[in-house]
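Participant: Here it is, the structure in full.
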Amino acid sequence: MNKPLTGKVALVTGGSRGLGAATVRLLAEQGADVAFTYVSSEERAQAVVGEVRGKGGEAVAFRSDQADMSGAPALIDDVVSHFGGLDILVNNAAISVSGTVDDPEADTTALDRMHATNYLGVIAVIRAASRVLRADGRIITVSSGLGSRVGLPGFADYSATKSGIERYTMGAARDLGPRGITANVVEAGLMESGMQPPDPETLKALVGSLSLQRMGHPDEIAAAIAFLASPAASYVTGAVLDAHGGYNA
Ligand SMILES: NC(=O)c1ccc[n+]([C@@H]2O[C@H](COP(=O)([O-])OP(=O)(O)OC[C@H]3O[C@@H](n4cnc5c(N)ncnc54)[C@H](OP(=O)(O)O)[C@@H]3O)[C@@H](O)[C@H]2O)c1
């Protein structure tokens, strides 16, 4: 297989399952040394490490709670001590909590944790990583079709976190461009694993709103991320790559 990422070091947040795990596997197959984070799935994380190493690649898992902004500098230090540097940051870890803005029963603790994880935590990792990213580096932020428009009730908070990190990534493209570092967004869509809307009716309505009329597979999002990480995307920065089956078409 062509290995365009040979010699590169990548960090994928939330690599223990779902889209993050698919991204860890693909970046490692393409030659990168891959560090990834998780918060609770120790066994799954070690299984992903074993799988990558079994195929001759290199991966290492770090437990790091993204909801705690103060943990980001230590995470980046750990990656740099382990692999000697950092070239590619994939901001993937996130959670989804839904509820309408006027719901008196809203679980505000869970909603606040989502804002901390999906928004403040991503900012903390970008800040820490940007201090060490090497020239020709990459920042790739995983957002959602709901980062551009909310589209359905109950997702104001989730959508706001995704919209916020999209703008922050654009700011990183501006700030880090002079150092030869690109920063882009992949808007993922409904995937066959991981986060799902809360009820089957919402899921059906969402699938019906897509041009392709089907859910996506995590490998299809990982492929979009790998493109932005590759030398082929050297002149792409400040872009949003829609990989959500035509939600906006
Ligand atoms: N699935 C969808 O339909 C969909 C649609 C659009 C966009 N997206 C976006 O795609 C990305 C991945 O989604 P997914 O469906 O693959 O998610 P997932 O299967 O639920 O996996 C989430 C990953 O993030 C990690 N994580 C969660 N909270 C964390 C925290 N506080 N600190 C560190 N790691 C944490 C999890 O670790 P543990 O295993 O340890 O919990 C896991 O590795 C997210 O950014 C999501 O917003 C997903």
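Participant: For the range 89-102, take each phi angle, set θ = phi - 60°, evaluate the Karplus expression 6.51 cos²θ - 1.76 cosθ + 1.60, and give the result in whole Hz per residue in order, putting x for glycine and proline.
Facilitator: Each residue's phi maps through the Karplus curve to give 10, 10, 7, 10, 4, 6, 10, 10, 10, 10, x, 6, 5, 9 Hz.
Participant: What number, rounded to the nearest 500 deg cm²/dmol, is the helix-based mean residue ellipticity at 222 nm of the chain, given -39500 (n - 2.57) per DSSP H run of at least four residues and division by all its residues?
Facilitator: -12000 deg cm²/dmol
Participant: So for 24, 142, fewest C-beta neighbours within 10 Å to most, what's the order?
Facilitator: 142, 24
Participant: Oh, and also: Label points 7 Å out from Cα along the Cβ direction at residue 103 and residue 235: separation in nm?
Facilitator: It is 4.7 nm.
Participant: Hey, another quick one. Residue by residue through the range 124-141, what is 3J(HN,Hα) from phi via Karplus (6.51 cos²θ - 1.76 cosθ + 1.60, θ = phi - 60°)? Round to whole Hz and write x for glycine and proline.
Facilitator: Listing the rounded values in order: 4, 5, 4, 4, 5, 5, 5, 6, 10, 4, 7, 4, 6, x, 9, 10, 10, 9 Hz.
Participant: Take residue 213, project a point 7 Å from its Cα along the Cβ direction, then tell me which residues of the range 219-249 have their backbone nitrogen under 20 Å from it.
Facilitator: Of the residues in the range 219-249, 244-249 have backbone N under 20 Å from the label point off residue 213.
Participant: Between residue 249 and residue 156, what length in nm is gained on full extension when 0.36 nm per residue of separation is reduced by their alpha carbon distance?
Facilitator: Result: 31.3 nm gained on full extension.
Participant: Post the alpha-carbon centroid distance, the range 181-226 to the range 25-90, in whole angstrom.
Facilitator: Cα centroid of the range 181-226 versus Cα centroid of the range 25-90: 23 Å apart.
Participant: OK, next. In sequence order, what are the phi-derived ³J(HN,Hα) couplings for the range 50-64 according to the Karplus relation 6.51 cos²θ - 1.76 cosθ + 1.60 with θ = phi - 60°, rounded to whole Hz, with x for glycine and proline?
Facilitator: Coupling constants for the range 50-64: x, 5, 5, 5, x, 9, x, x, 10, 9, 9, 10, 10, 7, 7 Hz.
Participant: Place a +1 charge on the Cβ of each Lys and Arg in the chain and a -1 charge on the Cβ of each Asp and Glu, then give the dipole magnitude about the Cα centre in debye, rounded to the nearest 20.
Facilitator: That gives a dipole near 860 debye.
Taken together, the values in this text are just the output of simple stated rules run on the coordinates, not laboratory data. Everything quoted here is computed from the prediction, not taken from an experiment. Every residue, glycine among them, receives a Cβ derived from its backbone with ideal geometry; neighbour counts consider all protein chains shown.
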